[in-house]
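Data block below; observations after.
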Amino acid sequence: MKGKCVVKIGGSVLKDRSSLVRIDSIARHFDEPVIVVSAFKGITDALYDLYECGECRLNGLKDLINMHLRMIKEEFSCSSDFQISQDSIKEKDSYVSYGEKISAYVIARFLTQNGLKSIPVYTDNSGIIVSDSGADLEIDIQTSSLFLRKIENMMDMKQIPIVTGFFGSDKFGKTRVLGRNSSDYSAVAVATILGIDRVVLVKDVPGIYLNITDRESLVRRIDYERALELCEAGARVVHPKALKLAKERNISLIITSGESIESGTVISD
């Protein structure tokens, strides 16, 4: 696919090493991808549980990291490229952010090992600023210019950014989680900051169904309002905040399973 595109890989399709092979295939389909990733399936829940078990936090996190690193034939150690900050063990948002961080690290290493130079980008130290809009946390598009420069520099060097969804940092530099299942929103916000008008959301379903019980009701094209109605009615394929921001910024969304990247549901006006 020609031109720049944000590609978000959902946690439901991140399961094991075979998922890395699939991502490699997806990445090669695009000329200039920016890849936004969720945590591997079940990892965020595991991290929330481990956080509540205070004395288990550090060792539990190390076990989860090693489980991921074994997919790329690495082991966690003090000299590893992937490190744990001691302060991050204390704060819940910082702790659970390791799901996306280790996902980005492993995917970047795997792609690089296979000839696609990729760099993990952790959004709590790369210029994605989160602000409190009252009832919810949102990415502050206007104040995230540092992130824009960082990604542009990477792409100028022909590197693929592997960006963490789900969190950013507030104005004090503290990691802030945007809410459960918010990586769709992160991907659309990243596209907005970078001035990219297409976001591909890779899911475990091939698109949006008009009737979630009818496998024949898959739609190929739908507008933002109708997609939002369906998602709020129970077809939670796309996060509502992602749809609202995409409509506001006129960003086309493509929902696909990744089996055939050219097919799926296109959401646009």
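Any read-out appearing in this document is the output of simple, stated calculations on the displayed coordinates, not a laboratory observation. If you're wondering where the values come from, they're calculated on a predicted model, not measured in any experiment. Because the Cβ atoms are built from the backbone with ideal geometry, glycine has one as well, and the counts that use them run over all protein chains shown.
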Please list, short to long, the whole-number percent of alpha-carbon pairs of region 192-240 in consecutive 5 angstrom bins beginning at zero.
4, 19, 27, 26, 13, 6, 3, 1
For region 259-265, what does the Karplus curve 6.51 cos²θ - 1.76 cosθ + 1.60, with θ = phi - 60°, yield as ³J(HN,Hα) per residue in whole Hz, taken in order and with x for Gly and Pro?
5, 9, 5, 7, 9, x, 9
Positive-pole candidate from L61, V188, M157, dipole of the chain, charges at beta carbon
M157
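Can you run the Rg to Rh ratio on region 58-157? Use alpha carbon positions and the Kirkwood inverse-distance Rh. If you can, show how the numbers build up before the last one.
Numbers: Rg = 15.4 Å, Rh = 15.3 Å.
Ratio of gyration radius to Kirkwood radius for region 58-157: 1.01.
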With the convex hull built on the alpha-carbon atoms of region 113-269, volume per residue in Å³ sits at 127
Determine the relative contact order of the chain: mean sequence separation of Cα pairs under 8 Å and six or more apart, normalised by residue count, in whole percent.
20
Among [x] 22.9; [y] 21.8; [z] 18.7, which is the computed Kirkwood radius over Cα pairs in Å?
[z]
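Tell me the mean residue ellipticity at 222 nm calculated for the chain from its helices only (DSSP H runs of n ≥ 4, each -39500 (n - 2.57), averaged over every residue, nearest 500).
On the way: 9 runs with 98 residues, N = 269.
Result for the chain, helices only: -11000 deg cm²/dmol.
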How big is region 29-72 on each of its three principal axes, counting only the C-alpha atoms and giving the largest first in Å?
46, 20, 14
Whole-number Å³ per residue for the convex hull built on Cα positions in region 169-261
113
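Run through the DSSP bridge list for the chain and note the antiparallel percent, rounded to the nearest 5.
Numbers: 11 of 36 bridges.
So the antiparallel bridges amount to about 30 percent of the total.
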Assuming a ≥ b ≥ c are the square roots of the Cα gyration tensor eigenvalues, decide whether region 1-112 counts as rounded (a/c under 1.5), prolate (otherwise, with a/b larger than b/c) or oblate.
prolate
Among the lysines, which fall within straight-line cross-link reach of K90, defined as a Cα-Cα distance under 16 Å, with same-chain neighbours fewer than 8 residues apart omitted?
K62, K174
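Please work out the FRET efficiency for the pair E259 and E55, using the Cβ-Cβ distance as r and a Förster radius of 51 Å; give the result to the nearest 0.05. Present the calculation step by step, with values, prior to reporting the outcome.
Details: r = 43 Å, r/R0 = 0.85.
My answer for the efficiency is 0.75.
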